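The values are calculated or read from the model by the stated rules, or taken from the named source; none is laboratory data. For clarity, every value in this text was computed on a predicted model and none was experimentally measured. Glycine also receives a Cβ, built like all others from the backbone with ideal geometry; neighbour counts cover every protein chain displayed.
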Amino acid sequence: MNPFLNPVSSIPLLRNYFFDTRRLNTNSSEQIRKYRNKMFLRTLQYADTVPLYHKKYATAGLLLQDIHGIEDITKIPFVSKPDLVAHYPNELLPQNYNRKNAHLVSTSGSTGKQVSLYTDLSIFIGGIGALVRTYDQLHLNWRTSRIANIGNFNPNMADSTAENLFYSKASFVYGKNTRFSINAFLPMKEIMAQLDRFKPDIIYSYPATFFQIAYYKRKGLGEHINPKAFLTGGSLLEPYTRAYVEETFRCKMHNVYESVESLGAPMAFECDEGTWHINYDFFHIEAINEEMRPVEKGKRGHIVVTRLYGKATPIVRYTGMDDWVAISEDEECTCGLHTPVLKGGVEGRKSDSVVLPDGRVFPAASFASLYSILNDLKTRKVKQFQIVQKKLDEIDILVIIDEDLRNVGPSLDVIFEKIKEIHQKKAGPNVQITVREVQDIPSQKGKPAPLVISHIRPEKGYKVIDE
Ligand SMILES: [Zn+2]
């Protein structure tokens, strides 16, 4: 049955579509503050009916009447990834919840244990404004543009759940034949052929997938793949990939920050000015340190997420996202939006950080520095790369070379020497850096290969670099 044939779900969808999208442009900051508090208190009341949260709050002695608004959020216990795992499947929904309406959604499990939680239509309908806002701010029409989503459509992945629960049924909102989905893990030439037939205006995918598409475009494939914009998420977009893709298509890439927990709605997105705006009327984002205390404003910390809308499994002070962020509370951007922002974007997963013998920890984005080298040398012959930290004092930089460009421009010796030099400078003399050419860099389970793989876990006492 299509739930949108029923006005109970289609009317809120349309209302949210029109009103939520524009909220940050039309409401005063005082109105938004009140709205956030109302949504937050409502979310908290709901969370308290879910056994996982109810038990946590009872154990902590938390009384909901002591919470008057978001300013009291630090009194509320955190919920971690292991908490979700331990309380799955029976304690992630209210006892009286009609399970027929809930759909399971899982993380890819590419880093550690797979986490599963429940979503439902209220989460899609509630978050539609955050999604459409991203397109609006980029001057793209969400309804009429031809959008290709190259993602993970295996069962229970965010993309496939979104497709089954929402997109396959909500086509009355957007134009006919304007949506196309394909699995990112199919052979690349097949993806190219299908995209070429679809002729997308907008492509949404992982950074690594865009790199591959751009690579084949440079080789003459995909004549009709000439989009107006790229939206990317799911992993870190580093500057070399960005330059490689944007130069190939003469088309800009924009980061959207989403996760299984935010299903369908970006927590933040990058506007035309390169600012990462937080959709703070949909999500409350905090940054904490290793002692689980809020970091100073603007300092780098570990992300904590609260979703301010929707039912199914609530997300309140959730620490399981594993990303580094620095939040600046009050930023006026030339794009016209005035929101808290993620300073410098999301800097990679905590588990993908580079840890150095002197105690410094580099998020992936601030360690990988190939872009400046390859730009200075004016070469695009690197087809893919990855930094692998094998030991505290041993780092390999793996590089795949574009065969057609192997003998064009600066020699591999020069390039590898420069790559080694810049990373040696960052890591210091006590770390052995080896730059190696390889033929393949394997994907992770259900996700493209990450920029950094670290076999070292930062322990207490390590200082995160904040530069
Ligand atoms: Zn902006």
Where Gly409 falls short, out of the listed (1) part of a loop (DSSP other than H, G, I, E, B); (2) crowded, with 21+ Cβ neighbours inside 10 Å: (2)
Could you grab me the full set of residues in region 324-367 that are farther than 18 Å from Lys299 by Cβ, in a strand (DSSP E or B) and within 16 Å of the ligand (Cβ to nearest atom)? Glu332, His338, Thr339
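So, Leu186, is that one hydrophobic (A, V, I, L, M, F, W, C) and touching an Asp or Glu at 6+ places or on another chain (Cβ under 8 Å) or not?
No, not satisfied.
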Requiring at least 2 residues that are touching a Gly at 6+ places or on another chain (Cβ under 9 Å) and either surrounded by 15 or more Cβ atoms within 10 Å (Cβ to Cβ) or in the same structural domain as Met292 (by TED's automatic domain parsing) (or both), the helices (runs of 4 or more DSSP H) wholly within region 1-89 are 7-26, 29-47, 81-87
Residue set Ser145, Ser160, Ser108, Ser116; condition at pLDDT below 90, at negative phi and in contact with a strand residue (DSSP E or B) (Cβ under 6 Å, 6 or more places away or on another chain); output residue Ser108
Of the residues Tyr240, Tyr257, Tyr216, Tyr174, which single one is under 28 Å from Asn375 (Cα atoms), surrounded by fewer than 21 Cβ atoms within 10 Å (Cβ to Cβ) and hydroxyl-bearing (Ser, Thr, Tyr)? Tyr216
Condition broken by Ser235, with the remaining ones in (1) small (Gly, Ala, Ser); (2) under 18 Å from the mean Cα position of the chain (by Cα); (3) at positive phi satisfied: (3)
Out of region 95-107, which residues are surrounded by 18 or more Cβ atoms within 10 Å (Cβ to Cβ) and either of a type outside the set (Val, Ile, Thr) or under 18 Å from Lys56 (Cβ atoms) (or both)? Ala102, His103, Ser106
